[in-house]
Amino acid sequence: MKAMIRISALTMMALLLTSFTNTDLRSHMVRFDQAFLPTLEQTLRGDVHEAKRAVFYLEFQWRKLRTRIQHRYPEERLALSRIDGWLGDAYYAIDANCPVTAANQLEHVKYEMMVLRDRHGIDYYLDDLYDFQGGLELVAEAAADEMLCLMEWSEFVALTHELRREWRSIQRKPFDAALYEFDAGQVRQLRHYQQSMAKALDAFAKAVDSAQREDAELASQKLEPAFERVLHLFGNFEGAQTYFAQQ
């Protein structure tokens, strides 16, 4: 009986230790994304001046996160090397005033981190947003194309409604404000932007259901700006600027 109690206690301690370690790792992932998102957003906007300032903060947070991932998951050596390479290429492209190339490399970084978290079962709210973003970009591109990116209209309708359901699921998912370092005001703002995104999707779905491609294209133009407001909340734009000023 005592042996069983001892084994149960050890098992519980191991589970708690694993949970604590993953939470600590996720907090560093959050800080990495706080630095990553400003750099990505600025390259997508073509603002290389601000991107050049932001890379200092990004590299600082990446080095801290990299050390912790390497310690926690030594088998991820190749994934970390790939991220090193893509970040290095992105920095070079930013320095060379090539924001499109830099953004492409940063997207590789984002995807590699998503895959890494998936391999290790790390629940991460931003991955839900990143997954949704991929579908959103596809729908927006198809809506602006007279050929619907070679999709059948029924496929386009189905994809639209699937995207709408996915967003509703994201809205219902519990949000760990402490992990993402959101105060009460930021949480309210997040909920407000989430609802604005839902309304934009509802209007878009209604236009798609009407089977008028021109109306669908017009409604689709409001989707990505609404989503970008949500994602923007997770970037530390002030930190990117002030860290540069300290160097």
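Readers should treat all values here as calculations from the given coordinates under stated rules, not as data from a laboratory. Note that the coordinates shown come from a computational prediction; the quantities given were computed from them, not determined experimentally. Please note: Cβ atoms are built from the backbone with ideal geometry, for glycine as well, and neighbour counts cover all protein chains shown.
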Report task. Could you give me the percent of Cα pairs per 5 Å distance bin for the range 24-110, shortest bin first, beginning at zero and ending with the bin that holds the maximum distance? Result -> 3, 16, 27, 25, 15, 9, 4, 1
**Report entry** Kirkwood-based Rg to Rh ratio, the range 42-89, C-alpha trace
**Finding:** 1.08
Query raised in the report: How much mean residue ellipticity at 222 nm does the chain get from its helices, if each DSSP H run of length 4 or more adds -39500 (n - 2.57) and you divide by all residues, to the nearest 500 deg cm²/dmol?
Result: -28000 deg cm²/dmol
Query raised in the report: Hey, what did the range 25-87 get for relative contact order, percent, Cα under 8 Å, at least 6 apart?
Result: 33
**Report entry** Label of the coordinate-derived value, semi-axes √(5λ) of the Cα gyration tensor in Å, listed as (i) 34, 26, 17; (ii) 38, 31, 12; (iii) 36, 18, 15
**Finding:** (i)
Query raised in the report: For the range 125-232, what are the per-bin percents of Cα-Cα distances with bins 5 Å wide, up to the bin holding the maximum?
Result: 2, 12, 24, 24, 16, 10, 6, 4, 2, 0
Requested in this report: Per residue of the range 146-158, in order, report the coupling 6.51 cos²θ - 1.76 cosθ + 1.60 (Karplus, θ = phi - 60°) as ³J(HN,Hα) in whole Hz, putting x for Gly and Pro.
Outcome: 4, 8, 6, 6, 6, 8, 6, 4, 4, 5, 5, 4, 5
Query raised in the report: In this model, which of Lys173/Lys206; Lys52/Lys222; Lys173/Lys199 are farther than 21 Å apart at the alpha-carbon?
Result: Lys173/Lys206; Lys52/Lys222
Query raised in the report: Expressed as a rounded percentage, what relative contact order does the chain have, with Cα pairs under 8 Å and six or more residues apart?
Result: 26
Report task. Select from Ala240, Pro225, Tyr91 the residue farthest towards the positive end of the dipole of the chain; place +1 on Cβ of Lys and Arg, -1 on Cβ of Asp and Glu, and compute about the Cα centre. Result -> Ala240
Query raised in the report: Using alpha carbon centroids, what distance separates the range 113-189 and the range 192-214, in Å?
Result: 15
Query raised in the report: What dipole magnitude, in Debye to the nearest 20, does the chain give about its Cα centre under +1 on Lys/Arg Cβ and -1 on Asp/Glu Cβ?
Result: 1440
Report task. Treating only the Cβ atoms of Lys and Arg (+1) and Asp and Glu (-1) as charged, compute the dipole magnitude of the range 128-247 about its Cα centre; round to the nearest 20 debye. Result -> 640
Query raised in the report: In the Gaussian network model of the chain, springs joining C-alpha atoms below 10 Å, which of Leu150, Leu233, Leu106 carries the largest mean-square fluctuation?
Result: Leu150
